[in-house]
Amino acid sequence: MKHRKLSAAVITKDEEVNIERCLKALAFVDEIVVVDSGSTDRTLEICEQYGCRIVRADWKGYGRNKQLAVDSVANAWVLSVDADEEVTPELAREIETVLSGSSVMSGYKIRWLSCYLGNWIRHSGWNRKYKLKLFDRTKGGFTDDMVHERVKIEGETGRLKCVLKHYTHPDLDTVTRKAYITSEMAAEEMYAMGKRSSILNAYLHATWAYAKTLFFNLGFLDGWVGHALATNTAYFVFLKYIRLWEKGRESGDHKP
């Protein structure tokens, strides 16, 4: 069987709580490259202990920083992993099997199993979240999006069966902090694309986000945490559109 070497690409900033769990699970790869955007905690110290190659770079958004990590690896095949993600042993074996085959696709999507406020989310729309995380970087790479970046590649893609554990939003402080930061980046990106909003728009989008998460995506089956997730999703969407409205108001081209 053919052995294709695999690099892992990780971006970090102050991830000492998550990074060791992430790196331990990447013991099966041939190389780990970390792009760090100014960590002030023990993140880099931990990365050095695991033999990572570290690239220091200013923060330019998720898409550009992840692409910098991809561009910095030595091998064609790359596994893009966030610091709060963990490759399960089953997924690691599946990846090794796929890359040892006589032929491969251009990339493979992997499903998230997310832990939100200490609970594994089985519904709420998150159970259907697949991301293109394993791919041949000679066939493509990340978009430049500040938020909600994605991989665009040429050729066929497949789906792996095993899940990638995602330890997102461990507490309410993280929930509010992430909503504040990512909504601002999302609003900047939308404004640059020529999109505008109104106060009514912000309320309507937030209401739909809540209903979609809780009812249409069966979030109520996740119990109290499903309600919390729906509320947080609505909060993030409201912040995103109200900030978009605010940017338009400051420039004089906002909606009423």
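Derivation of every value follows stated rules applied to the coordinates shown; laboratory data play no part. It should be emphasised that the depicted structure is a prediction, and the values quoted were computed from it without experimental measurement. Every residue, glycine among them, receives a Cβ derived from its backbone with ideal geometry; neighbour counts consider all protein chains shown.
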Computed over all unlike Cα pairs, the Kirkwood hydrodynamic radius of region 172-251 in Å stands at 12.9 Å
Cysteines in the chain lacking a second Cys C-beta under 4.7 Å: CYS22, CYS115, CYS162
Calculate the FRET efficiency for ASP14 and ASP145 from the Cβ-Cβ distance with a Förster distance of 22 Å, rounded to the nearest 0.05. 0.50
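Any idea what % of Cα-Cα pairs in region 26-87 are farther than 17 Å? Before the final figure, lay out the partial values.
Details: 724 of 1891 pairs.
Value for region 26-87 (Cα pairs over 17 Å): 38 percent.
Full-extension gain between ALA192 and ASP30, please, as 0.36 nm times their residue separation minus the C-alpha to C-alpha distance.
On the way: separation 162, 0.36 × 162 = 58.32 nm, distance 3.90 nm.
Taking ALA192 through ASP30 to full extension adds about 54.4 nm, to one decimal.
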Listed peptides 70-76, 231-237 by packing density, highest first (mean Cβ within 10 Å): 231-237, 70-76
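Over the chain, what is the mean sequence separation of C-alpha contacts under 8 Å (at least six apart), divided by residue count, expressed as relative contact order in percent? Display every interim value, and only then the final one.
On the way: 522 pairs, mean separation 46.6, N = 256.
The normalised contact order for the chain reaches 18 percent.
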Out of TRP112, TRP126, TRP224, any idea which swings most in a Gaussian network model of the chain, alpha carbons joined below 10 Å? TRP224
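What FRET efficiency do you get for ARG21 and THR138 if R0 is 30 Å and r is their Cβ-Cβ distance, rounded to the nearest 0.05?
Values: r = 30 Å, r/R0 = 1.00.
That gives a FRET efficiency of 0.50.
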Quick one, can you get me the convex hull of the C-alpha atoms of region 123-190 expressed as volume per residue in Å³? 127 Å³
Here, TRP59 and ILE199, labelled 7 Å along Cα→Cβ, have an inter-label distance in nm of 3.0 nm
Expressed in angstrom and rounded, the centroid-to-centroid distance over alpha carbons for region 160-180 and region 183-252 is 18 Å
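Assuming 0.890 mPa s and 25 °C, estimate D for region 104-256 with Stokes-Einstein, Rh taken as the Kirkwood radius over Cα pairs, in µm²/s.
Numbers: Rh = 17.0 Å.
For the chosen part, D equals 144 µm²/s.
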Stretch ASP171-PHE215 to full length: gain in nm at 0.36 nm per residue minus the Cα-Cα span? 13.5 nm
What are the principal axis extents of the Cα atoms in the chain, in Å, biggest first? 62, 40, 39
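Using Cα pairs closer than 8 Å and at least 6 residues apart in sequence, work out the relative contact order for region 172-251, in percent.
Numbers: 84 pairs, mean separation 37.2, N = 80.
Worked out over region 172-251, it gives 46 percent.
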Using Cα pairs under 8 angstrom and six or more residues apart, how large is the relative contact order of region 88-175, in percent? 41 percent
FRET efficiency for GLN49 and TRP120 from the Cβ-Cβ distance with R0 = 22 Å, rounded to 0.05, comes out at 0.15
Taking every DSSP beta bridge with both residues inside region 1-126, roughly what % is antiparallel (nearest 5)? 10 percent
Take every DSSP beta bridge whose two residues both sit in the chain, then give the antiparallel share in percent to the nearest 5. 45 percent
When N counts the residues of region 1-136, how does its alpha-carbon radius of gyration compare numerically with 2.2 N^0.38 Å, as a ratio? 1.05
